[in-house]
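The values are calculated or read from the model by the stated rules, or taken from the named source; none is laboratory data. Keep in mind that this is a model prediction, so the values were computed, not measured. Counting neighbours? That spans all protein chains shown, and the Cβs are built from the backbone with ideal geometry, glycine included.
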Amino acid sequence: MKIGVLGFGGLGQAAARVLSQKQQMTLVAAVDSKGYAYCPEGLDGEALAKAFREKGSIGFEPTFGNLSEEPIAALLAANLPVDGYFLALPNLPNTFMASVAQQFIDAGWRGVLVDAIKRTTAVEQLIALEKDFVRAGITYVTGCGATPGLLTAAAALAAQSFSEVHSVKITFGVGIANWEQYRATIREDIGHLTGYTITQAQAMSDSDIEALLDRTNGILHLEQMEHADDILLERAGICKRDRVSVGGVVDTRNPKKPLSTNMQLTGRTFEGKISTHTFTLGDETSMAANVCGPAFGYLKAGIALQRRGHSGLWSAADLMPQFVG
C-alpha cells in the first residue's frame, strides 16, 4: 500500500518512522507547509526529517523535494498514485481539516483519508461532507488517533457487555520532553484550557506559550474537553454524547506520562448488574505510538473498504483498525 502523510511536524515525523518498520505500507509522499516530497519506491523518513530540521521544509530534500506555496494543491495536481493519506495536520483553525478534505473532493481524487482529529465541532463539519465523499469516491475515516481513535474503539467493544451504557470516561496522560516537538498539538491542547479558545491558542506566539508553560511548570490540566469521542460514540448508537467525558494531563517537560491513559465504560447488563470495563494503555507507549499506529490500522481498514467499492464517512467507532505488519 502506497501511503502519504500530510503534515511533517512531530506527529508526521513519527508517522514516517512508524512506516519505516512496516512491510505492508510504504511512505511515498509527504507534505509540509512549504513543499512536498514524492518517491514511488519509498521515501527515507530520516532524510526528510533532516531537510525539515536544517532547511525548514521537506521541499528542500535534494532528490525528491518540491517547494510550493500551495503544497497540497501541488501534490494533488501531480495526480500521483497514492492509496491513502494520514492527515497528521493541526486542526487550526477549527475549519482546517474540513477545508483540506474539500481540496481532495474538488481535485477529483479517489482514495482513503484518515485523520486524528480531536474536536467535536470539527467532526461535525466532516459529517456535513458525507454525501460529497460518496460522490467523490473517497473513503474517509475520522477520529483515528488515540482519543478519539483507539480508546473510542475500546469503548465500542466494551459496550457489547451491556444493555445500556451509563458513562464513558476517557483520561489521558501525555509526556513529552520538549513541547516544541509537538507545537501544533500543544496549541490545540491550550485551546481546550479554561479561559482559552482555539482562535486564541492559534494566535499565541512561541514566547507566549513558553510563558504559559513557565507559569504551570510545564503541566497542562485538561478537563471536560470538547472531544470528538462523544459524537463518534453517539453516531455509532452506543450512548448520548453527554455521557462521554474526556480529560487528562500533559507534561511538556518530561517524557514520562504523568498518569496512565485509560477508558472506563460503565453500564447495566441484561441481568440488571452495574459494572465497569477499564481499558488501560501501557505507560511505556508514547503519544506518537498510540496515535500513529491506530491511524495506519484504520487506513488499512479504509483501503480494504475502498477496494470493495465503498466510499463515504466512517469513524473509529464504526470500524476496527487492521494490524499493519
(message) Name the residue that is surrounded by the fewest Cβ atoms within 10 Å (Cβ to Cβ), counting only residues in the stretch 79-105 that are within 22 Å of R187 (Cβ to Cβ) and among the β-branched types (V, I, T).
(response) T95
(message) Which residue is surrounded by the fewest Cβ atoms within 10 Å (Cβ to Cβ), if the candidates are limited to the stretch 264-293 and must be modelled with pLDDT of 95 or more and hydrophobic (A, V, I, L, M, F, W, C)?
(response) F270
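Condition test on Q224, is it in contact with a strand residue (DSSP E or B) (Cβ under 9 Å, 6 or more places away or on another chain), of a type outside the set (K, R) and outside the structural domain of L11 (by TED's automatic domain parsing)?
Values: in contact with a strand residue (DSSP E or B) (Cβ under 9 Å, 6 or more places away or on another chain): yes; of a type outside the set (K, R): yes; outside the structural domain of L11 (by TED's automatic domain parsing): yes.
Answer is yes for this residue.
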(request) Considering (1) at pLDDT below 95; (2) surrounded by fewer than 23 Cβ atoms within 10 Å (Cβ to Cβ), say which one G108 fails and leave the rest. (result) (1)
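Wholly within the stretch 1-64, which strands (runs of 3 or more DSSP E) include no fewer than the required count, namely at least 3 residues that are among the aliphatic types (A, V, I, L, M), in contact (Cβ under 8 Å) with a residue 24 or more places away in the chain and under 20 Å from A78 (Cβ atoms)?
On the way: elements: 2-6, 26-32, 35-38.
Counting at least 3 such residues, we get 2-6, 26-32.
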(request) Hey, could you check the stretch 82-99 for residues that are within 14 Å of the chain's Cα centre (by Cα) and of a type in the set (A, V, I, L, M, F, W, C) and say which is nearest to E41 (Cα to Cα)? (result) F86
(message) Looking at the stretch 137-157 only, could you name the residues that are crowded, with 22+ Cβ neighbours inside 10 Å and over 15 Å from the mean Cα position of the chain (by Cα)?
(response) I138, T139, A154, A155, A156
(message) Scan the stretch 173-186 and tell me whether some residue there is farther than 21 Å from A15 by Cβ and within 18 Å of the chain's Cα centre (by Cα).
(response) yes
(message) Conditions first: (1) part of a helix (DSSP H, G or I); (2) surrounded by fewer than 17 Cβ atoms within 10 Å (Cβ to Cβ); (3) in contact (Cβ under 8 Å) with a residue 24 or more places away in the chain. D208 passes all but one, so which condition is the exception?
(response) (3)
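Looking only at the stretch 155-173, how many residues end up being aliphatic (A, V, I, L, M) and within 26 Å of A101 (Cβ to Cβ)?
Qualifying residue count for the region: 3.
Does I231 qualify as being in a helix (DSSP H, G or I) and either of a type in the set (D, E, K, R) or in contact with a Phe, Trp or Tyr (Cβ under 6 Å, 6 or more places away or on another chain) (or both)?
no
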(request) Kindly list, by first and then second residue, each pair from a residue in the stretch 74-91 that is touching a residue at least 60 places away in the same chain (Cβ under 8 Å) to a residue that is of a type in the set (D, E), limited to pairs with Cβ atoms under 9 Å and residues at least 6 apart or on different chains. (result) F86/D115; L87/D115; A88/D115; L89/D115; P90/E188; N91/D115; N91/E188
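Of all residues in the stretch 158-194, how many are in a helix (DSSP H, G or I) and either touching a residue at least 24 places away in the same chain (Cβ under 8 Å) or farther than 23 Å from Q264 by Cα (or both)?
Let us first name the residues in the stretch 158-194 that are in a helix (DSSP H, G or I), namely 158-161, 179-190.
Right, trim to either touching a residue at least 24 places away in the same chain (Cβ under 8 Å) or farther than 23 Å from Q264 by Cα (or both) and you get 158-159, 161, 179-190.
Here the count works out to 15.
Tell me, yes or no, whether the stretch 216-224 has at least one residue that is of a type in the set (D, E), surrounded by fewer than 17 Cβ atoms within 10 Å (Cβ to Cβ), under 16 Å from the mean Cα position of the chain (by Cα) and not in a helix (DSSP H, G or I). Spell out how you get there, then give the answer.
Of the stretch 216-224, the ones of a type in the set (D, E) are 223.
Those still in the list that are surrounded by fewer than 17 Cβ atoms within 10 Å (Cβ to Cβ) too: 223.
If we keep only those that are under 16 Å from the mean Cα position of the chain (by Cα) too, we end up with none.
Checked the stretch 216-224: no residue is of a type in the set (D, E), surrounded by fewer than 17 Cβ atoms within 10 Å (Cβ to Cβ), under 16 Å from the mean Cα position of the chain (by Cα) and not in a helix (DSSP H, G or I).
When you look at I117, is it buried (at least 18 other Cβ atoms within 10 Å of the Cβ), in contact (Cβ under 8 Å) with a residue 12 or more places away in the chain and in the same structural domain as R241 (by TED's automatic domain parsing), yes or no?
Numbers: buried (at least 18 other Cβ atoms within 10 Å of the Cβ): yes; in contact (Cβ under 8 Å) with a residue 12 or more places away in the chain: yes; in the same structural domain as R241 (by TED's automatic domain parsing): no.
Criteria not met by I117.
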(message) Which residue is farthest from H227 (Cα to Cα), if the candidates are limited to the stretch 85-137 and must be of a type in the set (F, W, Y) and outside any helix (DSSP H, G or I)?
(response) W109
